[in-house]
Amino acid sequence: MNTKRQSVFFMDSESDSDLVAPLKAQNRTEQSYRSGESSLSRLELEIVRAQIQTIQFTPDKLCFSYGVLAVLMLSQISALWTKFIIGAAYNYQGKNSNDPKYDIRVAIPGFTYTRYSLVTGIYYSLTYGLTALFAGMLSDRFNRKTLLVIMGFLWNFTSYGNMLAYDFQMLAIMRMLFGFFSAFSTPICYSLIADYFPPQKRTFANACFTAASFLGIALSAASNILVDKIGWRFTYGICGTYGLISVLLVLLFVQEPERGRFEPKKQEVVDQTTALIQL
């Protein structure tokens, strides 16, 4: 490896000058590459670009990324909380167990345990599972923030649909729609996290987001208290309102980052492989 290549690839991130020097080196090598004089391949230039993005990930950018992560966690909590409210409503055993305001089994005619199993099992899981198969593909092709905001508003509106349900059919439809819309949350959020955090910070960020899922599950215990105090319909209403607020925070504070900014571009890898084959 010649001196020029070494000056580009071996960068000391502890030095303030390295925040500028690698960028200048990249500009010089890109110009040389276009003129056919560069000793670096296009793939190597992409590696340099990814290294520069990591070096320039300053503490203020890290703080902003953690702020975005917190907003994504709030959104994920709303999805998991909504998922488990129906369990608190169906298994209510309080002093008002025969009151339709508190007991969903009384409020929804014919809501047997078999139907409850269908709503919480195959109706939700099948819809969620099938949607998740292409939710990731759509998040790779379209603006992820826009998708998350749209789907977030829609899955939280199903909470209001559940709040207004007076028969099993409407409850089942709302459950399937919730499964469809909420299936977009996890792949989109993990994709955003990958572009907000460099590799050395990403594992902890992913762990924090995973913890948010369990916080949402934990709120199902709070749902038991809410159902006993204000009824299952108002519990759905509170959850839906919280969810809409969290999606509004996504709309206001989350920006669509550059895809794969901390890794070499995949297309450049393909181009490099093609060029090698043609040699």
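Taken together, the values in this text are just the output of simple stated rules run on the coordinates, not laboratory data. Not measured: the values here are computed from a predicted model. A quick note on method: Cβ atoms are made from the backbone with ideal geometry, for glycine too, and the neighbour counts reach across all protein chains shown.
Assorted remarks:
- Proximal charge balance of Tyr124 [Cβ under 11 Å; K/R count +1, D/E count -1]: +2
- Contour minus Cα-Cα distance for Lys229 and Arg259 (0.36 nm per residue): 6.2 nm
- Summary value for region 71-151: 14 percent relative contact order, contacts being C-alpha pairs under 8 angstrom separated by 6+ residues.
- Pairs of Lys residues in region 59-253 that lie 8 or more places apart, or on two chains, and have C-alpha atoms under 24 angstrom apart add up to 8.
- Region 59-253: Rg to Rh, with Rh as the Kirkwood radius over Cα pairs: 1.01
- Largest first, the three principal axis extents of the alpha carbons in region 154-242 are 50, 26, 17 Å in whole numbers.
- Fully extending the segment from Met170 to Leu248, taken as 0.36 nm per residue of separation minus the present Cα-Cα distance, adds 25.4 nm.
- Magnitude of the charge dipole, region 59-253, Cβ model with Lys/Arg +1 and Asp/Glu -1, debye to 20: 60
- Calculated FRET efficiency for the pair Asn98/Met137, C-beta based, R₀ 51 Å, to 0.05: 0.60
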